[in-house]
1. Yes or no: the stretch 42-55 includes at least one residue that is within 17 Å of Arg184 (Cβ to Cβ), within 13 Å of ligand 1 (Cβ to nearest atom) and among the hydrophobic types (A, V, I, L, M, F, W, C).
2. Considering only the stretch 149-181, state which residues are within 22 Å of Ser61 (Cα to Cα) and in a loop (DSSP other than H, G, I, E, B).
3. Scan the stretch 182-207 for residues that are assigned to a strand (DSSP E or B) and within 16 Å of ligand 2 (Cβ to nearest atom) and report the count.
4. Kindly indicate whether Ala200 is modelled with pLDDT of 95 or more, open to solvent by 10 Å² or more (accessible area, probe 1.4 Å) and farther than 26 Å from Ser82 by Cα.
5. Being touching an Asp or Glu at 6+ places or on another chain (Cβ under 9 Å) and either acidic (Asp, Glu) or modelled with pLDDT of 95 or more (or both) narrows it down to one of Ala144, Ala47, so name that one.
6. Across the stretch 208-221, what is the total count of residues that are more than 19 Å from Arg29 (Cα to Cα) and either part of a loop (DSSP other than H, G, I, E, B) or modelled with pLDDT under 95 (or both)?
7. Just one of the numbered conditions (1) crowded, with 16+ Cβ neighbours inside 10 Å; (2) touching a Cys at 6+ places or on another chain (Cβ under 8 Å) is not true of Leu162; which one?
8. Considering the stretch 164-190 alone, what residues qualify as being among the aliphatic types (A, V, I, L, M) and farther than 26 Å from Arg96 by Cα?
Amino acid sequence: MEDKVRIPKHVSIIMDGNGRWAEERGHERVYGHTHGVESVRACTEAAVEAGVSYLSLFAFSEENWGRPEDEVSTLMKLMFKSMVDELDTLMNNQVRFVVLGNRARLSDELNRAIDSLMDRTEANDRLTLIIFLSYSGKWDILQAAKAIALECGGDRERIEALDSADIASRLVTAGIPDPDLIIRTSGEQRISNYLLWQCAYSEFIFSPVLWPDFRKKEFFSALEEFAKRDRRYGKVK
Ligand code: IPE
Ligand code: IPE
Ligand code: MG
């Protein structure tokens with residue numbers, strides 16, 4: 001990457017297409033999820049190499065709880081296993097690990113593994129890797145709205161004084177810059193209830209590549225495409 005100025009600070013990926021990748025090979029869907037973990041590792045290393053500060057990955061949506069029980073439980077086991085296995089990769093690359101989402105729906109065992117990995121990587125400062133787990137954009141906005149409602153009570157003056165920063169600071173992403181670039185793999189061109197508030201001025205790249213095949217080369221070519229975009233934020237030059 002020659003032009004350092006054009007490196008996005010925050011890249012976010014909707015990791016889609018694991019099931020189709022497995023089915024194309026005559027395997028069960030979970031086979032695709034297993035291979036998807038290798039793409040997570042590859043993209044994390046690529047983000048570190050490129051000098052990206054935040055890499056966030058949509059791993060499991062609130063809606064994904066509605067999938068067949070065996071797929072959900074295999075995915076949760078895979079998350080648990082990855083959190084145990086990937087500690088060395090995270091430490092070697094100086095990556096801070098963060099999980100955001102509705103953690104009340106996760107098992108105690110998984111929550112303990114998440115807390116442990118977050119604690120152990122807390123001081124790492126080359127890249128922040130955020131995994132969105134049991135997350136949805138509407139859930140995020142709703143929990144922020146509830147927090148504000150409780151804080152304001154019926155105080156009209158406080159309610160009138162609210163601004164968009166008051167919402168942003170109560171979303172689970174408080175303190176994290178909005179994604180500059182959102183990539184969705186597998187050819188689908190939709191947001192699927194992801195970062196609804198935070199994507200206000202994100203650039204989007206829809207890649208036809210299925211997530212298990214999305215590796216460093218694909219990540220770097222997305223960064224090259226991003227570098228060509230003209231971001232105007234509603235203004236004129
Ligand atoms: C993305 O792959 C992983 C999750 C949503 C958990 P999918 O499982 O959605 O794979 P496709 O889209 O059915 O191919
Ligand atoms: C979006 O993918 C959620 C994640 C990648 C975690 P889905 O496969 O769940 O989305 P839809 O159903 O195609 O919209
Ligand atoms: Mg999908």
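1. Within the stretch 42-55, not a single residue is within 17 Å of Arg184 (Cβ to Cβ), within 13 Å of ligand 1 (Cβ to nearest atom) and among the hydrophobic types (A, V, I, L, M, F, W, C).
2. First, the residues of the stretch 149-181 that are within 22 Å of Ser61 (Cα to Cα): 167-181.
Those that are within 22 Å of Ser61 (Cα to Cα) and in a loop (DSSP other than H, G, I, E, B): Ser169, Arg170, Leu171, Val172, Thr173, Ala174, Gly175, Ile176, Pro177, Asp178, Pro179, Asp180.
3. Here is the first cut: in the stretch 182-207, the ones assigned to a strand (DSSP E or B) are 182-184, 203-206.
When the remaining residues are screened for being within 16 Å of ligand 2 (Cβ to nearest atom), the result is 182-184, 204-206.
Of the residues in that region, 6 qualify.
4. Values: modelled with pLDDT of 95 or more: yes; open to solvent by 10 Å² or more (accessible area, probe 1.4 Å): yes; farther than 26 Å from Ser82 by Cα: yes.
Yes.
5. Values: Ala47 fails: touching an Asp or Glu at 6+ places or on another chain (Cβ under 9 Å).
Result of the check over Ala144, Ala47: Ala144.
6. As a first pass, look at the stretch 208-221 and keep what is more than 19 Å from Arg29 (Cα to Cα): 215-221.
Add one more test, that the residue is either part of a loop (DSSP other than H, G, I, E, B) or modelled with pLDDT under 95 (or both), and what stays is 215.
Residues meeting the conditions: 1.
7. With (1) crowded, with 16+ Cβ neighbours inside 10 Å; (2) touching a Cys at 6+ places or on another chain (Cβ under 8 Å) applied to Leu162, the lone miss is (1).
8. Going through the stretch 164-190, the residues among the aliphatic types (A, V, I, L, M) turn out to be 165, 167-168, 171-172, 174, 176, 181-183.
Correct list: empty.
The values are calculated or read from the model by the stated rules, or taken from the named source; none is laboratory data. If you're wondering where the values come from, they're calculated on a predicted model, not measured in any experiment. Neighbour counts are summed over all protein chains in view; Cβ atoms, including those assigned to glycine, are modelled from backbone coordinates with ideal geometry. Accessible surface areas use protein heavy atoms only, side chains included; no ligands, DNA or RNA. Shrake-Rupley method; radii C 1.70, N 1.55, O 1.52, S 1.80 Å.
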